[in-house]
Amino acid sequence: MARLLGCLLLCGMAVVAVLRPVSSAAEAVVLGALIACHLAAFLFGKPHISALAMGFAASLLWLDLVVVLPPVPSSIGLAVVFAAAGALGTLWITRRPLLSLHTAATAALCISAFAWLLLTHGPARFVPAIAGPNPLAQSRIETPDGYYWLLLIGAVLSLAQCGIQLVEQRRRQRGAVSVGENRPVAPAQF
């Protein structure tokens with residue numbers, strides 16, 4: 001169930017990414033690679049529904065704060081704080097560090113999607129003003145770019161999840177092999 005929900009979150013992110021104007025083919029490739037890292041964590045990893053729920057809740061809290069106190073921040077500092085708070089909450093509740101990585105990656109993914117949606121298609125009050133001949137249009141183009149860094153942080157956390165789970169899986173396989181080698185083998189009976 002958690003894998004399905006993770007993939008649905010990625011589909012939502014992909015829709016938001018398609019709605020966002022992309023300036024070059026290289027930007028589209030980078031975005032695709034970052035989303036692929038998240039997809040690997042959801043498909044290869046073993047996400048727990050509580051980790052996804054905590055990450056989504058952290059992103060909703062960020063969204064609530066932005067709606068109450070607009071505009072969307074042009075830096076990702078506040079988003080990182082909310083993602084880290086969600087991860088710490090998951091770690092405190094479950095005592096499983098891997099689940100906290102899932103929470104932080106999910107929060108980063110969802111906050112990036114919310115920020116891009118508000119900045120590119122939201123009302124002007126959500127877009128921070130910058131100087132220039134057409135400040136709203138310029139800000140709608142430049143401000144969302146900072147949220148690529150948040151998506152990158154989530155992608156690195158997703159790859160870390162995959163690496164940790166691969167190491168744990170190999171460790172369990174080696175443990176099973178070494179235990180099996182110490183047992184006497186019964187003669188085959190026909």
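Please treat every number below as a calculation from the coordinates, not as lab data. What you are looking at is a predicted structure, and each value in this text was computed from that prediction instead of being measured. Note: ideal-geometry Cβ built from the backbone for every residue, glycine included; neighbour counts use all protein chains shown.
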> Which value in nm describes the separation of the simple spin-label points at Leu78 and Arg171, placed 7 Å from the Cα toward the beta carbon?
Replying inline: 3.9
> Based on the mean of other beta carbon atoms within 10 Å per residue, what is the order of 162-170, 46-54, most packed first?
Replying inline: 46-54, 162-170
> Rounded to the nearest 0.05, what FRET efficiency do Ile141 and Met1 have when you use their Cβ-Cβ distance and R0 = 41 Å?
Replying inline: 0.60
> Among Thr143, Thr90, which comes first, second and so on when ranked by fewest other beta-carbon atoms within 10 Å?
Replying inline: Thr143, Thr90
> In whole Hz, what ³J(HN,Hα) sequence does the stretch 89-96 give by Karplus (6.51, -1.76, 1.60; θ = phi - 60°), x for Gly and Pro?
Replying inline: x, 5, 5, 5, 6, 9, 6, 10
>> Let's test the formula: R0 of 35 Å, r as the Cβ-Cβ distance of Ile164 and Asn134. What FRET efficiency results, to the nearest 0.05?
In response: 0.15
> Using helices alone, what [θ] at 222 nm do you get for the chain, with -39,500 (n - 2.57) per DSSP H run of 4 or more residues, divided over all residues and rounded to the nearest 500?
Replying inline: -26000 deg cm²/dmol
>> Between Leu61 and Trp92, what is 0.36 nm times their sequence separation minus the Cα-Cα distance? Round to one decimal in nm.
In response: 9.3 nm
> Counting Lys and Arg as +1 and Asp and Glu as -1, each charge on the Cβ, what is the dipole of the stretch 52-171 about the Cα centre in debye, to the nearest 20?
Replying inline: 340
> In Å, what Rg and Dmax follow from the Cα atoms of the chain?
Replying inline: 20.8, 88
>> Please compute the length gained on full extension between Ala53 and Ala40, using 0.36 nm multiplied by the number of residues separating them and subtracting their Cα-Cα distance.
In response: 2.8 nm
> Could you give me the ³J(HN,Hα) list for the stretch 68-81, computed from phi with Karplus coefficients 6.51, -1.76, 1.60 and θ = phi - 60°, whole Hz, x at Gly and Pro?
Replying inline: 6, 10, x, x, 5, x, 7, 9, 9, x, 5, 5, 5, 4
>> Quick check: the angle from helix 2-19's long axis to the longest principal axis of the chain, C-alpha only, nearest 10 degrees?
In response: 30
> Contour minus end-to-end for Ala124 and Val18, with contour as 0.36 nm per residue of separation and end-to-end as the Cα-Cα distance?
Replying inline: 36.1 nm
> Once amide H atoms are built 1.01 Å from N in the peptide plane, which residues 5 or more positions from Ile130, or in another chain, come under 5 Å H to H?
Replying inline: Ser139
> Once the dipole of the chain is set up with Lys and Arg at +1 and Asp and Glu at -1 on Cβ about the Cα centre, which of Ile111, Leu39, Leu152 lies farthest towards its positive end?
Replying inline: Leu39
